[in-house]
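The values are calculated or read from the model by the stated rules, or taken from the named source; none is laboratory data. Everything numeric in this text was worked out from a predicted model, so none of it was measured. Every residue, glycine among them, receives a Cβ derived from its backbone with ideal geometry; neighbour counts consider all protein chains shown. Each accessible area value is taken on the protein alone, full model and side chains, heavy atoms only, with ligands, DNA and RNA left out. Shrake-Rupley method; radii C 1.70, N 1.55, O 1.52, S 1.80 Å.
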Amino acid sequence: MTYTKYSASGNDFVIFHSFIKKDYSKEAITLCNRTEGIGADGLIVLIPNSDYDFEWLFYNSDGSHAAMCGNGTRACAHYAYINNLAPSNMKFLTGAGAIESIVEDDVVQTQLTKPILIKDEFIQDGFTWYLVDTGVPHLVSIVDDLEKYDNNLASKMRYEYNANVNFAKIENGKIYVRTYERGVEGETLACGTGMAACFLRANNLGLVEDIANVYPKSKEELTLTKKDEILYFKGAVKKVFTTSIN
């Protein structure tokens, strides 16, 4: 089998395509292992779909399924395009619904699924939270210092609400984010749907305009845009390498 590793804003993924739709959770655990495998935050498998350019199967590094991953959509769109599996302007099926992506060289823009508010502003453990589904559920807390990120608290909140947990700081119209991801069970360098959730929260509070630059822990710049209640997520991706494993 031939596998390709991608990095999208610090999120890394192992990607391959297949004609077989099955459960690849065991492969995800093996391939994403950073000691004995390729190493990645998630596994993406592209399979044919008669209604769309393709369908994806997404797995976290622990083998669990995820309906959506913002950075993953950008990485797999680039993979699909360069492997002639889809045109540069494509539409593919995820567990959260159909996704549209546009590839321009190494920059990919993805139209995310329409956000769904789960729980409006509430206070817990000394922080004000907001819970929204931007493809997967995300807790967001706006803070004045990202050093207030607490991994133990994030882990507790993740299991209590079955959601990813984000701490965001707004400065000069820009958003800086730290994210604890379920399935990885720890802080990652970036989370696309998490950045989208933070952008939406900041926009709703009037802290940023309808277009803003967002910076995850990896420090790579991404652009989030809101138009007619739909979020668009744009940034560069990097093909790291391709390898074959017997």
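Close contacts from the stretch 224-246, counting a first residue that is free of Cβ contacts under 8 Å to residues at least 24 places away in the same chain and a second that is open to solvent by 80 Å² or more (accessible area, probe 1.4 Å) and in a strand (DSSP E or B), with Cβ to Cβ under 6 Å and a gap of 6+ residues or different chains, come to T225/I211.
When you look at Y215, is it at pLDDT 95 or above, among the hydroxyl-bearing types (S, T, Y) and crowded, with 17+ Cβ neighbours inside 10 Å, yes or no? Spell out the reasoning first.
Details: at pLDDT 95 or above: yes; among the hydroxyl-bearing types (S, T, Y): yes; crowded, with 17+ Cβ neighbours inside 10 Å: yes.
In short, yes.
The numbered conditions (1) open to solvent by 10 Å² or more (accessible area, probe 1.4 Å); (2) at pLDDT below 95 are all true for T134 except (1).
Would you check if F167 is surrounded by 14 or more Cβ atoms within 10 Å (Cβ to Cβ), of a type in the set (F, W, Y) and under 16 Å from N11 (Cβ atoms)? So F167 does not fit the description; no. Filtering the stretch 57-110 down to residues that are part of a helix (DSSP H, G or I) and of a type in the set (S, T, Y), which residue is most open to solvent (accessible area, probe 1.4 Å)? Only one residue tops the list, namely Y81.
Within the stretch 13-33, the set of residues being open to solvent by 20 Å² or more (accessible area, probe 1.4 Å) and either among the hydrophobic types (A, V, I, L, M, F, W, C) or within 20 Å of N164 (Cβ to Cβ) (or both) comprises F19, I20, S25, I29.
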